[in-house]
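**Student:** I'd like to ask some things about the structure below.
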Amino acid sequence: MKKIITIILVGVLVGSVSMPMGARADNLNEIIYSDSDISISQENKDTFVVIDKDTKEESEIAVDIENKTAELTDEDGSITDVKYQQKQLDNTIKTDIIIDGEKAGTINVSTENEVAPRLLMASSSSAMKLVTTRNVTTTMTQVNKSSAALVVIGLGLVPGLGWAAAAFSVYGIVREFKGKTAYVTIKQYANNYQYRNDLYVYKDSKRTKLLNKQTGIPQRHFS
């Protein structure tokens, strides 16, 4: 029987707290995401390890960044192939997540208010300014806690987002969003030596009904 791996949604977990870790994308062998169910660590630039905290089982995800594919290997040796089919239209990047040949969900990331990093580097001001707003819209048809990392990978493949910000955006996972759409906004603030990502999770597409907000941890070096 063909094994089906499912995906977790971006949203808010009612009654418990999921906390993204403050790891930088260029720091290897560090946990980039952890909640009550799983932890995701980045072993090197294209390899991730996922630990199920209930069963203690480990899975490894090897990412082909250039071809936008991933291979998930479970502890028993079974392999799942994942493809991220990316298309860009104007300022929006659409990513379809294909698992073993079947579409499992779609992620849309639109970018606004983008400021060139060199302008911040040249500034002598230490005040953080809003430099990028990214609206993330995620619609998934299947939900399973063990595959949150695949959502992280899909977001991390979006130019300018990076693994750490992608993991940050998975904050507040809910199974109740199965078959529905999650609306997330990531606002990046920066000065000439630091940046941080603030996260907003909304109930509606117009992003007027705020469900949750989290202020990011400042990181050195603009990305």
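Any read-out appearing in this document is the output of simple, stated calculations on the displayed coordinates, not a laboratory observation. Please read all numbers here as calculations on a predicted model, not as lab measurements. As a convention, Cβ positions derive from the backbone with ideal geometry for all residues, glycine included, and neighbour counts pool all protein chains shown.
**Student:** If I model a spin label at residue 36 and residue 55 as a point 7 Å from the Cα along the Cα→Cβ vector, what separation in nanometres do I get?
**Tutor:** With each label placed 7 Å out from Cα toward Cβ, I get 2.0 nm.
**Student:** Among 196, 220, rank each residue by its count of other Cβ atoms within 10 Å, from fewest to most, as a rough exposure measure. Mind showing how you got there, number by number?
**Tutor:** Working: 196 18, 220 9.
Placing the least packed residue first, the sequence is 220, 196.
**Student:** Reachable aspartates and glutamates from residue 83, Cα under 13 Å, same-chain residues fewer than 8 places away excluded?
**Tutor:** Output for residue 83: 64, 66, 71, 96, 100, 102.
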